[in-house]
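Undergrad: Right, I'll just put the structure down here and ask away after.
The values are calculated or read from the model by the stated rules, or taken from the named source; none is laboratory data. Small disclaimer: the values here were computed from a predicted structure and weren't measured. Here the Cβ is made from the backbone with ideal geometry for all residues, glycine too, and neighbour counts use every protein chain on show. We work out accessible area using only protein heavy atoms, side chains counted, and drop any ligands, DNA or RNA first. Shrake-Rupley method; radii C 1.70, N 1.55, O 1.52, S 1.80 Å.
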Amino acid sequence: MLTKRIIPCLDIKDGRTVKGINFENIRDAGDPIELGALYAEQGADELVFLDITATNERRKTLAELVTRIARHVNIPFTVGGGIAAVEDVNILLQSGADKISVNTAAFKNPGLVDTLAREFGSQCIVLAIDTRFEDGDWFVYLNGGRVKTDIKAYDWAREAVNRGAGEILLTSMNNDGTKKGFALDITGKLSQNLNVPVIASGGAGNMEHFVDVFENAQADAALAASIFHYKEIEIPALKTFLYQKGVNVRF
């Protein structure tokens, strides 16, 4: 039985870690390298770094940050934000990233998923989906949650997996930053119907929420940001709690 993974997420803006609520009201949360090193030391299974305002001109800045993170972190880490071509991925992997995350660019050009999976292997390609529940279903949003599409999250996830995405990072915009728990329904639908790992993101507020998403939604990993950044939950305590609840975690 595979162990469930705990993944702190660091949203990066201008080289700093930031955090918002429902993708808005962004505030500073610290130095990403210090935070990443701390989480690795505390027993995080992986890290995710997302450049939330990435544009191509800033790719160089992100590559330099990745190099610095790689020196301080001994666990796998995924980097995303503004990745739209093979060359972007090459630079980040050479800088020390283990996996890359694609979102808007892949949605606009689904063939990108095929190309990246062929070039680097599916295990390296994480498809990030930002989704919002409205009009009776979960729809895909682009550009950091600013642009609505008429495509359902499950349909896009399934297509991307067929094209070679090796993992899905699913963020519920309704739940993001609310600390009211993960979106169990859509997370469960993806986890139970797709043959790749699903990382649940958006809404973690207490330890019980992690139990829910692992047990009820069968997520493979749970990602959180503010509860770790602001020391509301410490990773060692969370893992102990999960273990006591019968969730298989790695110490």
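Undergrad: Taking a probe of 1.4 angstrom, what is the accessible area of TYR141 in Å², to the nearest 10?
TA: Counting only protein heavy atoms, the figure is 20 Å².
Undergrad: Now for a separate question. Here are a few candidate values for Rg/Rh (Cα atoms, Kirkwood Rh): (i) 0.96; (ii) 0.93; (iii) 1.02. Which one was actually calculated from the structure I just gave you?
TA: (ii)
Undergrad: Run down the lysines and flag those whose C-alpha is under 28 Å from the C-alpha of LYS99, throwing out any fewer than 8 positions away in its chain.
TA: Excluding near neighbours in sequence, the set is LYS4, LYS13, LYS19, LYS60, LYS108, LYS148, LYS152, LYS179, LYS189, LYS231, LYS239.
Undergrad: Considering only protein heavy atoms and a probe of 1.4 Å, how much of the accessible area of the chain is carbon and sulfur, as a whole percent? Kindly include the intermediate steps, with their values, before the conclusion.
TA: Details: 5040 of 10810 Å².
The C+S portion of the solvent-accessible surface of the chain is 47 percent.
Undergrad: Would you rank ARG163, ARG68 by solvent-accessible area, highest first, keeping every protein chain in place and using a 1.4 Å probe?
TA: Working: ARG163 75, ARG68 115 Å².
Greatest to least solvent exposure: ARG68, ARG163.
Undergrad: What net charge is computed for the residues neighbouring LYS245, neighbours being all others with C-beta under 9 Å from the C-beta of LYS245, Lys and Arg scored +1, Asp and Glu -1? Don't skip to the answer; put the middle values down first.
TA: On the way: positive: none; negative: GLU208, GLU215.
Net of charged neighbours comes to -2.
Undergrad: What whole number of Å gives the distance from the Cα centroid of the stretch 159-232 to the Cα centroid of the stretch 61-112?
TA: Taking the Cα centre of each part, the stretch 61-112 and the stretch 159-232 sit 21 Å apart.
Undergrad: Moving on. Counting Lys +1, Arg +1, Asp -1, Glu -1, what net charge surrounds TYR141 among other residues with beta carbon under 9 Å of its beta carbon?
TA: On the way: positive: ARG132, ARG146, LYS148; negative: ASP130.
Around TYR141, the charge tally is +2.
Undergrad: Looking at the chain, send over the antiparallel percent of its DSSP beta bridges, to the nearest 5. Can you show the working numbers first?
TA: Details: 15 of 47 bridges.
Approximately 30 percent, going by the DSSP bridge assignments.
Undergrad: Related question: Mind checking the per residue accessible area of the chain for me, 1.4 Å probe, whole number of Å²? Working shown, then result.
TA: On the way: 10810 Å² over 251 residues.
For the chain, the per-residue accessible area is 43 Å².
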